[in-house]
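Here is the structure we will look at, set down as structure tokens.
Laboratory data are not the source of any read-out in this text; all were calculated from the coordinates shown. Every value quoted in this text rests on a predicted model; they were computed, and no experiment measured them. For neighbour counting, all protein chains shown are included, and Cβ atoms are generated from backbone atoms with ideal geometry for every residue, glycine included.
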Amino acid sequence: MTIRSIPNSIPANEIDFVHDPRKTNTIRLFDDFIGGALNTGIAAKFHTFGTTSGGVWNAAASFDTLEPTGFESFGTVQAETNTGATARSLMHLAQLVSNSPADGDRWLWEVRVRPELASGNGFWSMSIVRADGGDGFFTVDGIPGTNNRPRCSVFAKKDNVSWKTHVSDSESSQAGTTGFAQFTNDLGGLTRIDYNDDTFVRIAALVTYEASGTKYDVKFFIDGVQIFNTELTAGSGSPFGKCFLYNNGTGAVQRATYDWSLIQFPRTEAVDFIDIDTL
């Protein structure tokens, strides 16, 4: 039996979407949501799913039979709400870097999602939250991105012409409850992106720690185009991610169908393991 030490890096042209223990630079994990339902939720590689007050998650494969459930094609999961005013379904992504990060530590989260929203205050959002121990599994963003925990968001409402953003870099109040910034062509030179309901779109967030300012720089992207750049300086701990479907007083069914999710993050240590080819 041989224990083999794996080289610290692999050529860039060999990168694929697997967790390769030989790599000590960037790990890329891809989830195509091909798993079925569990008796306690949805099967996934690196997310946690939550619902409350009438939210549900639908899987493409049945827990009992492993056959199609009929709601959508294989390789998707779907968040759904009932008509309850506070119904919500959440997808969480845990911290991907240490609470004591090094300068330049960064991670990226991207999802391909199709929101189907109802007119009114209901919304879908992706948020980056810096609230170590202060934001629970079902914590509500009463208005997109706002409560007393530092966070920034990109979000959509059915009646909005374009995607919108929000940043609340405060722990003391409901910062930013007014004046959501609508994307315009002069917003830092970035591009306004129209919102089209019931249409697949790629939403991504890139989070980078900057030691000089003890802050996290956050960039949001839609279909690969950067549309917003902000920073989080308040709060404690390393940020985590949240995708959030919430009725927010809207008495109608809403859905968000996820085709896939991708995370990219740094790995600093090589892994020693038994190689079956040497046995």
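Brief remarks follow.
- Contact order normalised by residue count of region 202-276, Cα under 8 Å, 6+ apart, percent: 17
- Placing unit charges on each Cβ (+1 for Lys and Arg, -1 for Asp and Glu) gives region 220-279 a dipole about its Cα centre, and among 235, 268, 253 the Cα reaching farthest toward its positive end belongs to 253.
- Pairs with C-alpha atoms separated by more than 21 Å, drawn from the list 164/242; 45/215; 45/157; 45/158, are 45/215; 45/157; 45/158.
- Projected label distance in nm at residue 200 and residue 94, using a 7 Å step from Cα toward the beta-carbon: 2.9
- Cα centroid separation, region 85-108 to region 213-279 (Å): 6
- As a calculated quantity, the FRET efficiency between residue 233 and residue 279 at R0 = 41 Å, using C-beta atoms, amounts to about 0.20.
- Coarse-grained scattering of region 212-279 at q = 0.21, 0.24, 0.28 Å⁻¹, given as base-10 log I(q)/I(0) from a Debye sum over alpha-carbon atoms: -1.19, -1.27, -1.31
- Label-point separation, residue 215 to residue 26 (7 Å along Cα→Cβ), nm: 2.4
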